[in-house]
1. State the answer as a single residue: which of S145, T134, A83 lies farthest towards the positive end of the charge dipole of the range 77-204, with beta carbon charges of +1 for Lys and Arg and -1 for Asp and Glu, about the Cα centre.
2. R315 to E280: extension gain in nm, 0.36 nm per residue of separation minus the Cα-Cα distance?
3. Assuming R0 = 35 Å, what is the FRET efficiency of R119 and A339, from their Cβ-Cβ distance, to the nearest 0.05?
4. Based on DSSP, what percent of beta bridges with both residues in the range 77-204 are antiparallel, to the nearest 5?
5. Highest mean first, what order results for 132-139, 320-327 on Cβ atoms within 10 Å?
6. Charges only on Cβ, +1 for Lys and Arg, -1 for Asp and Glu: so what's the dipole of the range 77-204 about the Cα centre, in debye to the nearest 20?
7. Which of the peptides 184-192, 118-126 is most tightly packed, and how do the rest follow, judged by the mean count of other Cβ atoms within 10 Å per residue?
8. What translational diffusion coefficient, in µm²/s and rounded to a whole number, does the Stokes-Einstein relation yield for the range 77-204 at 4 °C and a viscosity of 1.567 mPa s, taking the hydrodynamic radius as the Kirkwood radius over Cα pairs?
Amino acid sequence: MARAETDSKSRSKMPPSLWQPPLSYHGGHINSTSSSICLVLSKNQSPTDMAMRPLTLLLLLSSSVSMSTLIAAEDDDQAALLAFKAAAGHNDGGTLASWNSSSTGGFCSWEGVTCDDGRHRRVVALRLPSRGLTGVLSPAIGNLSFLKTLNLSNNRFGGDVPASLGHLRCLETLDLSNVFSGELPSNLSSCTNLKVMILAYNQLSGCVPPDLGDKLTRLWFLNLENNSLSGVVPESLANLSLLTVMPLGLNQFEGTITPGLGRVLSLRQLTLAFNRLLGEPPASLYNLSSLERLQSQGNMLHGGILNGIGSRFPRMQILSLAENQFTGTIPASLPNHTALEWLDLSENRFSGYVPSALGRLRALESLNLRVNRLQADNTVVWEFITSLSNCSQLKELLQSQQCSHWAASKFNSESLNGPRSYTLGWHWDLRKHPLRHWQSSQPQLT
């Protein structure tokens, strides 16, 4: 009776998943299953056998517990996926029709689900872009502890981004471009393996977590474009030494541009367009010699452009400083950007003459200088128009309203190939077409 009471008390102190039935003594061998262990003892065992008995028992217990844990983990993954389905609602295409517990092949065969190649059958990727899914994102998604890729882009998920995403410590790629609202979960910075984070085209508000750049040191692609995010651009983003692409446009960021961004030497694309940024851009930005696209239009930035800008960005393809309060002259070194395809300096306070050497920009497709204080008062200073005849790729030319009919006639459009537009009032609106100049660099989510 005392022995039975002791076994009962010991069992009650153990976690249910780890509890095993009492040992049974039978004949001359050991039987082990996932639910029980039978240790068979012989009366004539040697001292060595007796000494090895605890180790053997420990190994068997460990194997049994591991098997039970794996089965439980698979059940957790399936339960998380079914919770995702229940919260996602239904779509006309029946994308989630295959998601049921009786399907052949199990949850690893469900559409959009990828499991690892090992025996563990853990979900490592969930890819369901452009499936017409609605509803909300279930917090159970945070139980997919082996998940590396979560791509739900271009659906209609709403509500809050679940804070449980911060539990996904293996996550490398996250794309939730939907209609989510609320604030960014502060614990997203716990996903320290993240390399790609895209939360663009939502309705997110509030501030970006200030420690985002301190912990996500592997991040190379960060897209928060087209939300209602406010506050300052976190200084910690300057610690993202691998960052290559960072569109932050079409938000409500305010304050000045943090000088620390000039330390992110890997940056190739930086979009700060249509925010509430003010002040003079920090001189440290001229250190970003790898920049190919810089868009800061639609802010309240002021100051002049560095005269030597042409030698600072040898790879520059897209440069848009429009709709700010920049002053001074257009630098004569600007034509040194031989790869430049798009130049928009419109709606500022630039003065002086337009450099005639703009004709050296052979790759130029669009030039917009309208609504400035530029001068063009004689035949000589209009030579830049003639020089643009060398720009065989030019498709759009937007000049100041001061441009005379004579100047337009001097432009030799016959030297250009293909259809072209040279209207005086044309303006490309990034608010309507925000992807035109960076969408080609969206990462292929795998």
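1. So the residue we want is S145.
2. 10.3 nm
3. Working: r = 51 Å, r/R0 = 1.45.
It comes out at approximately 0.10.
4. On the way: 3 of 16 bridges.
If we restrict to bridges inside the range 77-204, about 20 percent are antiparallel.
5. Working: 132-139: 18.8, 320-327: 20.9.
With the highest mean Cβ count within 10 Å placed first, the list reads 320-327, 132-139.
6. On the way: 10 positive and 9 negative charges, 42 e Å.
Around 200 debye, computed over the range 77-204.
7. By packing density, highest mean first, the sequence is 184-192, 118-126.
8. Reported coefficient: 89 µm²/s.
Coordinate-derived values only; no laboratory data. On a predicted model such as this, the values are computed, not experimentally measured, just so you know. Heads up, the Cβs are rebuilt from the backbone with ideal geometry, glycines too, and the neighbour counts pull from every protein chain shown.
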